[in-house]
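A.B. asks: Once you've had a glance at the structure underneath, I'll fire off some questions.
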Amino acid sequence: MDYENNWYVSTDLMLSIITCALIAEDKLEGLKDFLFVWRLEIMSELRRIVDVDIFFYKDKRKTPPHGKTYRPLFVVENTGDCYMGVQFIYLQEAPLGERIFAKAECIFPHNDYLLLKENVRFLIKEGPHAVGEGIVLRRYVMDNAQISNVKFEDVTFD
(Lines give C-alpha, C1' and ligand atoms only; values in the text may rest on other atoms or scores of the structure.)
Protein backbone atom coordinates (compact mmCIF):
# COMPACT_ATOMS: atom_id res chain seq x y z
CA MET A 1 0.00 0.00 0.00
CA ASP A 2 1.43 3.40 -0.98
CA TYR A 3 0.59 5.48 2.10
CA GLU A 4 2.61 8.49 0.96
CA ASN A 5 0.37 9.22 -2.01
CA ASN A 6 -3.00 7.90 -0.83
CA TRP A 7 -3.32 10.00 2.37
CA TYR A 8 -6.10 7.88 3.91
CA VAL A 9 -7.98 7.55 0.63
CA SER A 10 -8.01 3.78 1.01
CA THR A 11 -9.40 4.01 4.56
CA ASP A 12 -12.13 6.44 3.52
CA LEU A 13 -13.03 4.33 0.50
CA MET A 14 -13.20 1.17 2.58
CA LEU A 15 -15.44 2.83 5.17
CA SER A 16 -17.71 4.20 2.43
CA ILE A 17 -18.11 0.75 0.88
CA ILE A 18 -18.87 -0.86 4.26
CA THR A 19 -21.34 1.88 5.14
CA CYS A 20 -23.14 1.61 1.77
CA ALA A 21 -23.37 -2.16 2.13
CA LEU A 22 -24.81 -1.85 5.62
CA ILE A 23 -27.32 0.79 4.55
CA ALA A 24 -28.39 -1.41 1.63
CA GLU A 25 -28.98 -4.30 4.02
CA ASP A 26 -30.60 -2.03 6.62
CA LYS A 27 -28.05 -3.09 9.26
CA LEU A 28 -26.47 0.28 10.00
CA GLU A 29 -28.14 0.50 13.41
CA GLY A 30 -25.54 0.06 16.17
CA LEU A 31 -22.53 -0.06 13.83
CA LYS A 32 -22.36 3.64 12.97
CA ASP A 33 -20.56 4.54 16.21
CA PHE A 34 -18.18 1.59 15.85
CA LEU A 35 -17.19 2.68 12.32
CA PHE A 36 -16.67 6.29 13.42
CA VAL A 37 -14.44 5.29 16.35
CA TRP A 38 -12.56 2.77 14.19
CA ARG A 39 -11.82 5.47 11.59
CA LEU A 40 -10.59 7.88 14.28
CA GLU A 41 -8.30 5.22 15.74
CA ILE A 42 -6.72 4.53 12.36
CA MET A 43 -6.29 8.23 11.61
CA SER A 44 -4.88 8.99 15.06
CA GLU A 45 -1.98 6.62 14.40
CA LEU A 46 -0.91 8.23 11.11
CA ARG A 47 -0.32 11.95 10.62
CA ARG A 48 -0.17 13.77 7.28
CA ILE A 49 3.06 15.79 7.06
CA VAL A 50 4.39 18.27 4.51
CA ASP A 51 8.00 19.44 4.28
CA VAL A 52 8.04 23.06 3.19
CA ASP A 53 10.48 25.80 2.26
CA ILE A 54 9.04 29.03 3.69
CA PHE A 55 9.80 32.59 4.63
CA PHE A 56 7.94 35.17 6.67
CA TYR A 57 7.48 38.77 5.53
CA LYS A 58 9.48 41.26 7.61
CA ASP A 59 6.74 43.88 7.59
CA LYS A 60 3.89 41.52 8.60
CA ARG A 61 5.29 39.93 11.78
CA LYS A 62 7.24 41.44 14.66
CA THR A 63 9.02 38.21 15.60
CA PRO A 64 9.60 34.90 13.84
CA PRO A 65 7.29 32.08 14.92
CA HIS A 66 8.84 29.30 16.99
CA GLY A 67 8.01 26.08 18.75
CA LYS A 68 5.44 23.42 18.03
CA THR A 69 2.44 25.58 18.89
CA TYR A 70 2.32 27.80 15.81
CA ARG A 71 -0.86 27.00 13.83
CA PRO A 72 -1.26 29.17 10.72
CA LEU A 73 -3.31 28.53 7.61
CA PHE A 74 -1.90 27.51 4.23
CA VAL A 75 -3.72 28.86 1.18
CA VAL A 76 -2.61 27.40 -2.15
CA GLU A 77 -2.22 30.04 -4.85
CA ASN A 78 -5.10 30.41 -7.32
CA THR A 79 -7.54 28.28 -5.31
CA GLY A 80 -9.63 31.03 -3.76
CA ASP A 81 -10.67 30.50 -0.18
CA CYS A 82 -9.37 26.98 0.45
CA TYR A 83 -7.82 27.45 3.90
CA MET A 84 -5.84 24.48 5.27
CA GLY A 85 -4.95 24.47 8.96
CA VAL A 86 -1.49 23.20 9.86
CA GLN A 87 0.68 22.94 12.95
CA PHE A 88 4.44 23.09 12.64
CA ILE A 89 6.18 20.10 14.23
CA TYR A 90 9.58 21.44 13.23
CA LEU A 91 10.37 25.05 12.41
CA GLN A 92 13.96 26.10 11.77
CA GLU A 93 14.88 29.25 13.70
CA ALA A 94 15.92 32.20 11.55
CA PRO A 95 15.29 35.96 11.28
CA LEU A 96 12.25 37.19 9.38
CA GLY A 97 12.79 37.36 5.62
CA GLU A 98 15.12 34.34 5.43
CA ARG A 99 14.08 31.11 3.76
CA ILE A 100 13.75 28.26 6.25
CA PHE A 101 12.86 24.59 6.27
CA ALA A 102 9.85 23.34 8.23
CA LYS A 103 7.70 20.27 8.79
CA ALA A 104 3.98 20.94 9.13
CA GLU A 105 1.23 18.56 10.17
CA CYS A 106 -2.16 18.75 8.46
CA ILE A 107 -4.26 18.93 11.62
CA PHE A 108 -7.88 18.67 10.52
CA PRO A 109 -8.69 15.04 9.60
CA HIS A 110 -11.74 15.86 7.49
CA ASN A 111 -10.16 18.65 5.42
CA ASP A 112 -8.92 18.02 1.91
CA TYR A 113 -5.17 18.61 1.87
CA LEU A 114 -4.67 17.07 -1.56
CA LEU A 115 -3.87 20.51 -2.97
CA LEU A 116 -0.59 20.46 -1.02
CA LYS A 117 1.40 18.62 -3.69
CA GLU A 118 5.12 18.85 -4.38
CA ASN A 119 6.27 22.18 -5.87
CA VAL A 120 2.95 23.91 -5.10
CA ARG A 121 3.22 27.49 -3.84
CA PHE A 122 1.09 28.73 -0.95
CA LEU A 123 0.55 31.72 1.31
CA ILE A 124 0.88 31.51 5.08
CA LYS A 125 -2.01 33.31 6.73
CA GLU A 126 -2.89 34.30 10.25
CA GLY A 127 -6.60 34.96 9.98
CA PRO A 128 -7.08 37.20 6.93
CA HIS A 129 -3.46 38.45 6.93
CA ALA A 130 -0.77 36.93 4.68
CA VAL A 131 2.39 36.77 6.81
CA GLY A 132 4.57 34.63 4.57
CA GLU A 133 4.74 32.21 1.69
CA GLY A 134 6.31 28.92 0.78
CA ILE A 135 6.55 25.90 -1.46
CA VAL A 136 5.79 22.25 -0.72
CA LEU A 137 8.91 20.07 -0.95
CA ARG A 138 7.42 16.70 -0.02
CA ARG A 139 4.36 15.12 1.59
CA TYR A 140 4.12 11.83 3.49
CA VAL A 141 2.72 10.24 6.62
CA MET A 142 4.38 9.68 10.00
CA ASP A 143 3.16 7.86 13.06
CA ASN A 144 2.93 9.40 16.54
CA ALA A 145 6.30 7.99 17.67
CA GLN A 146 8.10 9.46 14.67
CA ILE A 147 6.55 12.89 15.22
CA SER A 148 7.53 13.03 18.89
CA ASN A 149 11.17 12.30 17.93
CA VAL A 150 11.64 14.91 15.17
CA LYS A 151 15.06 16.57 15.59
CA PHE A 152 17.22 18.83 13.45
CA GLU A 153 19.37 15.80 12.49
CA ASP A 154 16.29 14.27 10.78
CA VAL A 155 15.84 17.25 8.50
CA THR A 156 16.88 16.74 4.90
CA PHE A 157 16.95 19.15 1.98
CA ASP A 158 16.67 16.56 -0.82
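A.B. asks: Of everything in the stretch 51-75 that's among the aromatic types (Phe, Trp, Tyr) and in a loop (DSSP other than H, G, I, E, B), which residue is modelled with the lowest pLDDT?
C.D. replies: Initially, the stretch 51-75 is screened for residues among the aromatic types (Phe, Trp, Tyr), giving 55-57, 70, 74.
Checking which are in a loop (DSSP other than H, G, I, E, B) leaves us with 57, 70.
Values: Tyr57: 96, Tyr70: 90.
Taking the candidates together, the pick is Tyr70.
A.B. asks: State which residue is modelled with the highest pLDDT when the search covers only the stretch 137-158 and only residues that are of a type in the set (A, V, I, L, M, F, W, C) and out of contact with any Phe, Trp or Tyr (no Cβ under 7 Å at 6 or more places or on another chain). Outline the logic, then answer.
C.D. replies: From the stretch 137-158, those of a type in the set (A, V, I, L, M, F, W, C) are 137, 141-142, 145, 147, 150, 152, 155, 157; that's our starting set.
Imposing the further condition that a residue be out of contact with any Phe, Trp or Tyr (no Cβ under 7 Å at 6 or more places or on another chain) reduces the set to 137, 142, 145, 147, 152.
Details: Leu137: 96, Met142: 79, Ala145: 64, Ile147: 60, Phe152: 45.
Ranking the qualifying residues of the stretch 137-158, first place goes to Leu137.
A.B. asks: Which pairs have Cβ atoms under 9 Å, sit 6 or more apart or on different chains, and link a residue in the stretch 64-92 that is free of Cβ contacts under 8 Å to residues at least 12 places away in the same chain to one that is among the β-branched types (Val, Ile, Thr)?
C.D. replies: Asp81/Val75
A.B. asks: Oh, and also: Can you name the residue in the stretch 79-119 that is crowded, with 18+ Cβ neighbours inside 10 Å and farther than 19 Å from His66 by Cα and is also modelled with the lowest pLDDT among such residues?
C.D. replies: In this case the residue turns out to be Tyr113.
A.B. asks: Go over the candidates Ala102, Ala94 one by one and state the one that is farther than 12 Å from Ile124 by Cα, small (Gly, Ala, Ser), assigned by TED's automatic domain parsing to the domain that holds Lys125 and not in a loop (DSSP other than H, G, I, E, B). Quick ask: steps written out before the conclusion?
C.D. replies: Numbers: Ala94 fails: not in a loop (DSSP other than H, G, I, E, B).
That would be Ala102, the only listed residue that is farther than 12 Å from Ile124 by Cα, small (Gly, Ala, Ser), assigned by TED's automatic domain parsing to the domain that holds Lys125 and not in a loop (DSSP other than H, G, I, E, B).
A.B. asks: In the stretch 76-91, which residues are touching a strand residue (DSSP E or B) at 6+ places or on another chain (Cβ under 7 Å) and part of a loop (DSSP other than H, G, I, E, B)? Walk me through it before giving the result.
C.D. replies: Applying the first criterion (touching a strand residue (DSSP E or B) at 6+ places or on another chain (Cβ under 7 Å)) to the stretch 76-91 yields 76-77, 82-91.
Residues satisfying the conditions are Glu77, Cys82.
The values are calculated or read from the model by the stated rules, or taken from the named source; none is laboratory data. Remember, it's a predicted structure, so these values are computed and weren't measured experimentally. Neighbour counts run over all protein chains shown; Cβ positions are idealised from the backbone, glycine included.
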